[in-house]
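Working notes for the structure below.
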Amino acid sequence: MDQASNDTKFKLPEGFLLGAASAAHQVEGNNFNNDWWHYEQQDRLPKSGKATDHYNRYEEDFLLAKNMGLNTMRISIEWSRIEPIENKWDATAIEHYRKVLLKMKELGLTRIVTLHHFTLPMWLADKGGFENSHGAAAFARFAWFVASNLGQEVDYWVTINEPEVYAGLSYNHGKWPPFKKNLWTMIRVFHNLMHAHRSAFKSIREVLPGAMIGLAKNNVDYEAYRKGNFFDNLLVKLFKYFGNEYFLNRIKDHLDFIGLNYYFSHTLKFTWRGPRKMNHEVPKSDMGWATYPPGLYHLLLDLKKYNKPVIVTENGIANARDDMRQDFIRQHLESMARAATEGVDVKGYCYWSLTDTYEWHDGFNPKFGLVEVNLETMERKVRGSADIFKQIKNQ
Ligand code: BGC
């Protein structure tokens, strides 16, 4: 499959989860006990403030999701709300998330819940986060607590979101808290996150023997810039191994399903000065990211060897004009349908994101949402592209 089309009819597997994703700090607002908030106040990051006020408007947001034809939502639970002080659990926060999860259930939305989506409670950040073994132990305890208190109301668990993105941007590129630029620290955090995942997996499993537990892995599609070139192909193998497989290989015995976040595809060109990542000659999002649906198909086939169900836990486009989003979603779903016909157990797709969000160091500029949010009035307006989900159901 090299070309994605707009008019082909395709069939998604029976019971397919069709949803949208979000993450607590990006939408809830006022998450003032975490490390992001801390640095936002020091003007080292754009301020998240009230974000989209999802903490108070979750009901309205889920109703919008339901009405656009979705049957699934991926949310995250903000650790710093549940455990604002080490080992002190906030009953109000737990009750809040119980209401949130019950509302999703009432609306018939399958509930995918992430436990770590980039933010840390400040007390843990002060202790070095995942730089040392304390992080994994604290995370396992948090997972145990959430499973014990809310476990009955969760359908799929995502322990950690994009460990390599988190470790890279926070500890090597110095863009995210704690703004470190040290390759060795990054590698240590990366390995500690494997340990954290396995420990959290065991905690949840202990409380809920039947739970479906996974992790959201951001895998990048790589292709050789020159198809028959030995060195370009070698680069593809190396990048795929270290970027996509290394982490999964080490946690695969603690994984009931694979969550795949797909945003990037590059061609790789060998030069004597080092590898060059090239962009495909395809339309780009507002952020300059290439839109390349065949990449999703390739990545799904790559995951086949793990023999696990796969949920695309994120895939989305920043497109304020909303003139690319509908084709983007259709073509990525078509890639999933094709992978299914080739034996990949694809269970679902969550578009990123339900609403516009606080896009981390890019602030509120990128517009990923199926729903536009007026940040002054908090008024929601469903974008035209969201109609795609009804079209797919009816085809
Ligand atoms: C992250 C999201 C983020 C999205 C778009 C993903 O890597 O999980 O939190 O908003 O990319 O930038």
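Please pick out the residue among 248, 260, 255 that is hydrophobic (A, V, I, L, M, F, W, C) and over 22 Å from residue 199 (Cβ atoms).
260
Considering each of 286, 356, 362 in turn, give the residue that is surrounded by 17 or more Cβ atoms within 10 Å (Cβ to Cβ) and either touching a Lys or Arg at 6+ places or on another chain (Cβ under 7 Å) or charged (D, E, K, R) (or both).
Numbers: 286 fails: surrounded by 17 or more Cβ atoms within 10 Å (Cβ to Cβ); 362 fails: surrounded by 17 or more Cβ atoms within 10 Å (Cβ to Cβ).
Residue meeting the stated conditions: 356.
Hey, can you tell me all the residues within segment 258-271 that are open to solvent by less than 10 Å² (accessible area, probe 1.4 Å), in a strand (DSSP E or B) and either acidic (Asp, Glu) or within 16 Å of the ligand (Cβ to nearest atom) (or both)?
Correct list: 258, 259, 260, 261, 265.
Here is a check on your reading of the model: is residue 164 in a helix (DSSP H, G or I), modelled with pLDDT of 95 or more and surrounded by fewer than 17 Cβ atoms within 10 Å (Cβ to Cβ)?
Against the criterion (in a helix (DSSP H, G or I), modelled with pLDDT of 95 or more and surrounded by fewer than 17 Cβ atoms within 10 Å (Cβ to Cβ)), residue 164 does not qualify.
For the condition modelled with pLDDT of 95 or more, not basic (Lys, Arg) and not in a helix (DSSP H, G or I), what is the one hit in 320, 339?
Matching residue, one of 320, 339: 320.
Out of the residues in segment 307-338 meeting the condition of being out of contact with any Lys or Arg (no Cβ under 7 Å at 6 or more places or on another chain), among the charged types (D, E, K, R) and away from the ligand (no atom under 16 Å from the Cβ), tell me which one is least open to solvent (accessible area, probe 1.4 Å).
Out of the qualifying residues, it is 334.
Being in a loop (DSSP other than H, G, I, E, B) and within 16 Å of the ligand (Cβ to nearest atom) is the filter; apply it to segment 167-207 and report the residue that is nearest to residue 246 (Cα to Cα). It would help to see each step written out before you state the result.
Going through segment 167-207, the residues in a loop (DSSP other than H, G, I, E, B) turn out to be 172-182.
Among the residues that remain, those that are also within 16 Å of the ligand (Cβ to nearest atom) are: 172-173, 175-177.
Details: 172: 18, 173: 20, 175: 24, 176: 23, 177: 24 Å.
Per the criteria, the residue is 172.
For a quick check of your reading of the model, give me the residue pairs whose first member lies in segment 177-192 and is on the phi < 0 side of the Ramachandran plot, whose second is among the hydroxyl-bearing types (Ser, Thr, Tyr), with beta-carbon atoms closer than 6 Å and at least 6 apart or on different chains.
Qualifying pairs under 6 Å: 177/39; 180/171; 185/171; 186/171; 189/171.
Considering (1) surrounded by fewer than 24 Cβ atoms within 10 Å (Cβ to Cβ); (2) touching a Ser or Thr at 6+ places or on another chain (Cβ under 9 Å); (3) modelled with pLDDT of 95 or more, say which one residue 278 fails and leave the rest.
(3)
With the structure loaded, tell me whether residue 237 is assigned to a strand (DSSP E or B) and open to solvent by 20 Å² or more (accessible area, probe 1.4 Å) or whether it fails that test.
No: the conditions fail for residue 237.
Which of (1) crowded, with 19+ Cβ neighbours inside 10 Å; (2) within 16 Å of the ligand (Cβ to nearest atom) does residue 255 not meet, given it meets every other one?
Tallying (1) crowded, with 19+ Cβ neighbours inside 10 Å; (2) within 16 Å of the ligand (Cβ to nearest atom), residue 255 fails exactly one: (2).
Scan segment 105-124 residue by residue and report those that are within 14 Å of the chain's Cα centre (by Cα) and of a type in the set (Phe, Trp, Tyr).
Residue satisfying the conditions is 118 alone.
The values are calculated or read from the model by the stated rules, or taken from the named source; none is laboratory data. Every value quoted in this text rests on a predicted model; they were computed, and no experiment measured them. In this analysis, Cβ positions are derived from the backbone assuming ideal geometry, glycine residues included, and neighbour counts consider all displayed protein chains. Note: accessible area is taken over every heavy atom of the protein model, side chains too, but ligands, DNA and RNA are not part of it. Shrake-Rupley method; radii C 1.70, N 1.55, O 1.52, S 1.80 Å.
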